[in-house]
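**Q** So that we are looking at the same thing, I have put the structure below in structure tokens.
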Amino acid sequence: MEQVKARESRACGGSELVGRWGLDPQVDYLNHGSFGACPTAVLEAQARWQRRIEREPVQFLHREIEGHLDRAREALAQFVGARSENIAFVPNATAGINTVLRSLRFEAGDEIVVNDQEYNATRNAVDFVAQQSGARVVAVALPFPIASPEVVLERMLAAFTPRTKLLVVDHITSPTGLVLPIERLVREARERGVETLVDGAHGPGHVALALEALGAAYYTGNCHKWMCTPKGSALLYVRRDLQPRIRPLAISHGANSRRTDRSLFRLEADWPGTHDPTPWLVIPEALEHLAQLLPGGWDEIRRRNRELALWARQHLCTALGVALPAPESMIGCLAALPLPDRVGPASEPLGLDPLHVALYERHGIEIPVFPWPAPPRRLIRLSAQLYNRREQYERLARVLRAELSGARA
Ligand SMILES: Cc1ncc(COP(=O)(O)O)c(C=O)c1O
């Protein structure tokens, strides 16, 4: 409350759809990318599932859950272009990444290729399994600004050697919001005998997916970001031929099941121990709710969000006199741009950029500013979601110009 009172300027509010979300009206929320945001109707649907469970927990969790999980998985599989038998639910992309990496066996001297824009948590998981086995992590430097997707292909494929065992690559990068050419990367890697783990934390709902056609060995993606489900909802796709080697993070009842009507992959994934399955169960309602917000459904959602992100990126670049840092073909619903270097040391206890703090505390604008590739250089990363509108980015541009010139907006 104190912070809100201290703000000097008012948020200008979101689009005509903002009322579908319970977002704070005093904040211009331009950071859907970090944790997503779930519409009120979807949260209410989740609460209905929760009440249903608590009415007779044994009946639901023991006897009924399987059918409900199957229904939710079928809807999700259709949405991401996969066969449902190749999809497992996981709570988040971090769990999906760890499930794969900690199931695989690496030998000393094996190489895992990543790039230097990989999300920190994912990179930590890669480093962990590499340290345990003596494998080597080969981190490819990707430039930003970047001229074309070919740069990614050339640099990452050039890092392959006969010892390369796995390629780990973001579908959409976290710090720079770039859509990477994963179709070509997966194909080229497979031609070289290397399987790919795609960190698609930002993929589902952000770009159209066709996971079977992609042919990646492993793809994990969050539903709680761009599909707007409640938090704790994500998928792990594992290609059929590789499923026997992938074990869940929690070994549970499925491990010694004698059932033959379902794969071990599914039996193990579906019961990770007692937990709240409603972020998974509500996926069909979330998909339907979002789809009916615009006449063109999900295609129109993705198109509209992307157009807004491109417009906002252009507007900010013009206002700040910055060249567009990446081609449009690499932009989805996130866009990053370089800001002038930070002056002075980080003053915040968490080391947050003072501009990041000022945007939120003084102006009620939620948007990340972070060091990239290393302090004092830095980026700002915008998101565009249905609840946003152009005026919010125009206000951001005015505020940024004033803050960067040392004046108050
Ligand atoms: C590229 C990437 N990978 C993984 C994650 C982790 O997602 P979660 O915290 O939902 O596990 C994120 C989160 O922003 C991300 O951007």
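**Q** Please compute the length gained on full extension between residue 78 and residue 300, using 0.36 nm multiplied by the number of residues separating them and subtracting their Cα-Cα distance.
**A** Answer, rounded to one decimal: 78.2 nm.
**Q** With N set to the residue count of the stretch 1-112, report its C-alpha Rg divided by 2.2 N^0.38 Å to two decimal places.
**A** That works out to 1.57 for the stretch 1-112.
**Q** Taking the Kirkwood radius as the inverse of the mean 1/r across Cα pairs, report the Rg/Rh of the stretch 314-401.
**A** In the stretch 314-401, Rg relative to Rh is 0.95.
**Q** Averaging sequence separations of C-alpha pairs under 8 Å and six or more residues apart, then dividing by the length of the chain, give the relative contact order as a whole percent.
**A** 23
**Q** Oh, and also: Where in the chain is the longest stretch that carries no GluC sites (Glu not before Pro) classed as loop by DSSP and with at most 12 other Cβ atoms within 10 Å?
**A** Counting only loop sites that pass the neighbour cut-off, the longest clear stretch is 108-409.
**Q** At most 14 other Cβ atoms within 10 Å and a DSSP loop assignment: could you name the trypsin sites (Lys or Arg not before Pro) in the stretch 89-127 that fit?
**A** Sparse-neighbourhood loop trypsin sites (Lys or Arg not before Pro): 105.
**Q** Helix hunt in the chain: which complete DSSP H runs extend at least 24 Å axially by C-alpha with mean Kyte-Doolittle at least 1.6?
**A** Helices passing the filter in the chain: none found.
**Q** Take every DSSP beta bridge whose two residues both sit in the chain, then give the antiparallel share in percent to the nearest 5.
**A** Close to 50 percent.
**Q** Rounded to the nearest 500 deg cm²/dmol, what is the calculated helix-only ellipticity per residue at 222 nm for the chain, with -39500 (n - 2.57) per DSSP H run of length n ≥ 4?
**A** -11500 deg cm²/dmol
**Q** In the chain, how does Rg compare with the Kirkwood Rh, expressed as the Rg/Rh ratio over alpha carbon atoms?
**A** 0.98
**Q** Still on this structure, I have one more. Find the all-direction average of the projected area of the Cα convex hull for the stretch 212-322, expressing the result in square nanometres with one decimal place.
**A** The directionally averaged projection comes out at 10.6 nm².
**Q** Could you give the size of the charge dipole of the chain about its Cα centre, using +1 on the Cβ of each K and R and -1 on the Cβ of each D and E, expressed in debye and rounded to the nearest 20?
**A** 80
**Q** For the chain, with a Gaussian network of springs between Cα atoms less than 10 Å apart, report the residue from 217, 309, 323 with the top mean-square fluctuation.
**A** Evaluated over the chain, the most mobile residue of the options is 323.
**Q** Then there is this: Can you pull out the trypsin sites (Lys or Arg not before Pro) in the stretch 199-284 that DSSP calls coil and that have at most 11 other Cβ atoms within 10 Å?
**A** Answer in residue order: 258, 259.
Bear in mind that the values in this text are calculations on the coordinates, not laboratory data. All of these numbers come straight from a predicted model, not from anything done at the bench. Note: ideal-geometry Cβ built from the backbone for every residue, glycine included; neighbour counts use all protein chains shown.
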